[in-house]
1. Quick one: in segment 1-31, which of the residues that are more than 16 Å from the ligand (Cβ to nearest atom) and not in a strand (DSSP E or B) is nearest to residue 199 (Cα to Cα)?
2. I want to confirm something. Restricting to segment 32-51 and keeping residues that are among the acidic types (Asp, Glu) and in a helix (DSSP H, G or I), which single residue is surrounded by the fewest Cβ atoms within 10 Å (Cβ to Cβ)?
3. Would you check if there is a residue in segment 137-149 being out of contact with any helix residue (DSSP H, G or I) (no Cβ under 9 Å at 6 or more places or on another chain) and within 15 Å of the ligand (Cβ to nearest atom)?
4. Quick one: in segment 47-86, of everything that is within 22 Å of residue 210 (Cα to Cα) and not aliphatic (A, V, I, L, M), which residue is nearest to the ligand (Cβ to nearest atom)?
5. If residue 255 meets every condition in (1) surrounded by 14 or more Cβ atoms within 10 Å (Cβ to Cβ); (2) of a type outside the set (Phe, Trp, Tyr); (3) in contact with an Asp or Glu (Cβ under 7 Å, 6 or more places away or on another chain) apart from one, which number is that one?
6. Of the conditions (1) over 20 Å from residue 15 (Cα atoms); (2) assigned to a helix (DSSP H, G or I); (3) hydrophobic (A, V, I, L, M, F, W, C); (4) touching a helix residue (DSSP H, G or I) at 6+ places or on another chain (Cβ under 9 Å), residue 210 fails just one. Which one is it?
7. Report yes if some residue within segment 13-29 is buried (at least 21 other Cβ atoms within 10 Å of the Cβ) and under 23 Å from residue 158 (Cα atoms); otherwise report no.
Amino acid sequence: MSYQNIILSIKESTAYITINRETKLNALNQDTIAELKAAVDSVEHDDSVRGIFITGAGQKAFVAGADIQEFLGKSSEEGKSLSSFGHELMDKIANFSKPVIAGINGYALGGGLELALACHVRIASKTAKMGLPEVSLGLIPGYGGTQRLVELVGKGKALEMILTGEMVEAQDAYQWGLVNQVVELYELEGTAQNILNKIYSRSRNAVATAIGVVNAGLSKQKDGYQSEIDAFGKCFGSEEFQEGVSAFLEKRKPRF
Ligand code: COA
């Protein structure tokens, strides 16, 4: 398959996936999400691939969120579908039987942070900034963030991030347990590769089983994921959502 929005290359047992919409800060439009799903599927049964590294093109952003342009004029039902579509990708990554590492090379906001949260390990560059700014759009996180952020940093810090919509610097994210390591930008890929190489030296079956069992222990939160999808869709019916999205696209502050 040829990809328009991502780059997939396979080198020495690792599939490198780069989200490649640099002029839009690698925002996840529907096509990009579909391509990411296809890329992950394509390496699932490829025995030459033992792990995945995901990053964003350029030096500014990992992914600056879901593509807000695509939100405009969507109904609650359509909002719910958008959320479900994103959830399918995030669940696929979280439950992938081979290790998936996010290399957070800049802004990881909204759906971008949610993508990183779905990965098994997160390495951030010192320049990375992370946040869930959906409340500024009259929305809530819709790709699993309300659930996975709580798992990593606890309810208090998660609610602070979700309710303020403020960004967190890499070093704070590390202290909170949101990222596993913080390194120089140029060290991101090498650091991830070192971790992957260690994992590749272990039993494939044990690695796959461990991922499955860790996820099984957290699966009681599935209802939380469904309520996120329902609530995300509902936000699309609100006037504040119309205002938030219009304000972003018109490059002005929203009037809530
Ligand atoms: N969806 C769609 N387009 C986006 C985007 C998103 N999530 N994030 C950035 N872009 C686009 C901008 O619209 C702009 O496009 P343009 O050049 O055609 O006008 C381009 O990417 C560059 O972004 P810009 O805002 O000019 O860069 P900046 O350095 O001034 O600000 C951010 C960077 C990340 C702070 C800012 O882009 C931002 O707040 N993005 C939205 C983050 C967000 O709310 N994400 C959650 C979505 S649910």
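The values are calculated or read from the model by the stated rules, or taken from the named source; none is laboratory data. Note that the coordinates shown come from a computational prediction; the quantities given were computed from them, not determined experimentally. Here the Cβ positions follow ideal geometry from the backbone for every residue, glycine too, while neighbour counts run over all protein chains shown.
1. Residue satisfying both the conditions and the ranking: 13.
2. Kept after step one, since they are among the acidic types (Asp, Glu), are these residues of segment 32-51: 35, 41, 44, 46-47.
The next check asks that each one be in a helix (DSSP H, G or I); those that pass are 35, 41, 44.
Details: 35: 24, 41: 12, 44: 14.
Restricting to residues being among the acidic types (Asp, Glu) and in a helix (DSSP H, G or I), the top hit is 41.
3. Here is the first cut: in segment 137-149, the residues out of contact with any helix residue (DSSP H, G or I) (no Cβ under 9 Å at 6 or more places or on another chain) are none.
No, that holds for no residue.
4. Quick first cut of segment 47-86, residues within 22 Å of residue 210 (Cα to Cα) only: 47-54.
Filter once more, so that each one left must be not aliphatic (A, V, I, L, M): 47-48, 50-51, 53.
Details: 47: 36, 48: 34, 50: 32, 51: 28, 53: 22 Å.
Filtering first and then ranking leaves 53.
5. All conditions pass for residue 255, except number (1).
6. (4)
7. yes
Conditions (1) more than 30 Å from residue 206 (Cβ to Cβ); (2) at pLDDT below 95; (3) of a type outside the set (Asp, Glu), marked per residue:
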{"residue": "73", "(1), (2), (3)": "yes, yes, yes"}
{"residue": "78", "(1), (2), (3)": "yes, no, no"}
{"residue": "94", "(1), (2), (3)": "no, no, yes"}
{"residue": "102", "(1), (2), (3)": "no, no, yes"}
{"residue": "122", "(1), (2), (3)": "no, no, yes"}
{"residue": "157", "(1), (2), (3)": "yes, no, yes"}
{"residue": "185", "(1), (2), (3)": "yes, no, yes"}
